[in-house]
Amino acid sequence: MKDQSLKILILTANPKGTDPLSLGVEVRKIEEALERATSRDRFKVFAKSAVRTIDLRRALLDIRPRIVHFSGHGAATQGLVLENDAGKIQLVSTEALARLFGAFEFGEIECVLLNACYSEVQAAAIHQYVDCVIGMHQPIGDKAAIQFAEGFYDALGAGSTYEEAYKLGCSAIDLEGISEYLTPVLKIRKRANSSLSNNSNHSQQPHSLPSAPIGADLSMKPSKTQSIGNISTVGSNNAFSIIQSDGNVNVSQNTSQASVDTTDLQAVLEALARLRQDVETTDALNPIQKSMVETPIKILEAELQKSPSNNTVIGQAVAALKQGLEGVAVLAEPVAKVAALVAKAWVI
């Protein structure tokens with residue numbers, strides 16, 4: 001008889017030299033959420049800590065989970081941070097992760113949750129092979145990450161679909177007064193045979209879902225689309241991120257836009273170039289932290305040179321830059337200078 005249980009594989013990693021995370025608390029909150037479930041016997045949780053690449057591969061093979069949950073550090077385009085045999089940083093590239101999940105494309109995996117900073121890059125890649133993937137489009141704090149996980153699994157335990165569980169996870173962050181409730185991004189295709197599907201009429205077509213909590217205004221207005229290869233940027237008057245899952249990566253943008261004169265633009269770009277150099281040469285950041293700061297700098301450099309530029313994207317990038325360098329005294333002045341120059345020329 002086929003095993004009808006829903007297996008959840010939780011993978012955590014917090015290597016030496018990285019900021020400490022409350023990973024044990026997160027695992028406990030997930031277990032407590034599922035213990036409340038009306039059909040608690042249906043859920044089986046398997047937790048693996050200090051995960052190495054071999055642990056990841058073997059766990060997927062041995063457990064055959066429906067849900068894979070990773071909690072730890074992300075490094076944007078550099079990949080996810082696992083551990084090596086010495087407990088130090090082992091970066092796993094986005095491409096390698098996608099190929100690994102590609103090997104299980106027709107297996108049991110239904111949902112992958114990457115509870116790590118800047119993990120939307122990996123989520124998009126894995127979504128080629130997994131119907132439901134959640135990643136973070138910017139840094140996410142410990143408290144927000146734990147709140148999202150707790151809300152997500154509370155909902156799953158109550159019989160919610162992955163979509164609804166995602167929304168309730170965002171709402172759990174929002175209800176605590178934490179501003180990061182828009183950080184999680186869901187990429188999903190609905191299929192009729194999903195183990196948590198409550199609607200027998202689900203199609204197998206790609207589906208769009210806003211990165212916003214329940215109750216937010218999701219009314220859509222006319223938008224503009226810009227495509228670069230297989231990356232489509234969709235602009236509308238809606239501030240929430242919409243992901244269309246058709247094999248391409250789509251990122252929505254708010255159309256609050258601005259233009260600026262050449263002198264102001266050049267001043268900001270020069271300040272960003274100096275900040276980038278300071279980040280590269282400082283000993284106050286480890287390689288993972290440096291790669292995480294690199295992403296908002298690149299976003300700012302690209303967005304500021306557009307005409308008109310997008311205020312919402314600029315504001316989010318500045319906020320992510322400040323958060324990534326918070327507490328780094330040696331970089332406080334150049335960060336403040338960038339923020340001041342941007343605020344002077346762009347209303348964000």
Residue pairs meeting the criteria (Cβ under 6 Å; at least 6 apart or on separate chains; first more than 14 Å from Asp154 (Cβ to Cβ) and in contact (Cβ under 8 Å) with a residue 12 or more places away in the chain, in region 29-47; second in a helix (DSSP H, G or I) and aliphatic (A, V, I, L, M))
Phe46/Ile63; Ala47/Val27
How do the pairs read when you match residues in region 159-185 that are more than 18 Å from Val68 (Cα to Cα) and without any contact (Cβ under 8 Å) to a residue 60 or more places away in the chain with residues anywhere that are in a strand (DSSP E or B) and not hydroxyl-bearing (Ser, Thr, Tyr), using Cβ under 6 Å and keeping only pairs 6 or more apart or on different chains?
Cys170/Pro184; Thr183/Met136
Starting from residues that are of a type in the set (Val, Ile, Thr) and farther than 21 Å from Ala124 by Cβ, keep the ones in region 162-194 and report whichever is least open to solvent (accessible area, probe 1.4 Å).
Ile173
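Residue by residue, here is whether (1) among the β-branched types (Val, Ile, Thr); (2) under 18 Å from the mean Cα position of the chain (by Cα); (3) farther than 30 Å from Pro287 by Cα holds:
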{"residue": "Gln78", "(1), (2), (3)": "no, yes, no"}
{"residue": "Ile109", "(1), (2), (3)": "yes, no, yes"}
{"residue": "Cys117", "(1), (2), (3)": "no, yes, no"}
{"residue": "Gln122", "(1), (2), (3)": "no, yes, no"}
{"residue": "Gly135", "(1), (2), (3)": "no, yes, no"}
{"residue": "Gln138", "(1), (2), (3)": "no, yes, no"}
{"residue": "Tyr153", "(1), (2), (3)": "no, yes, yes"}
Return the residue satisfying two criteria in turn: it lies in region 281-304 and is out of contact with any helix residue (DSSP H, G or I) (no Cβ under 7 Å at 6 or more places or on another chain) and surrounded by fewer than 18 Cβ atoms within 10 Å (Cβ to Cβ), and of such residues it is nearest to Leu91 (Cα to Cα).
Pro287
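The values are calculated or read from the model by the stated rules, or taken from the named source; none is laboratory data. Quick caveat: nothing in here was measured; it's all calculated off a predicted structure. All Cβ positions, glycine included, derive from the backbone under ideal geometry; neighbour counts span all protein chains shown. SASA here: full protein model, heavy atoms, side chains in, ligands and nucleic acids out. Shrake-Rupley method; radii C 1.70, N 1.55, O 1.52, S 1.80 Å.
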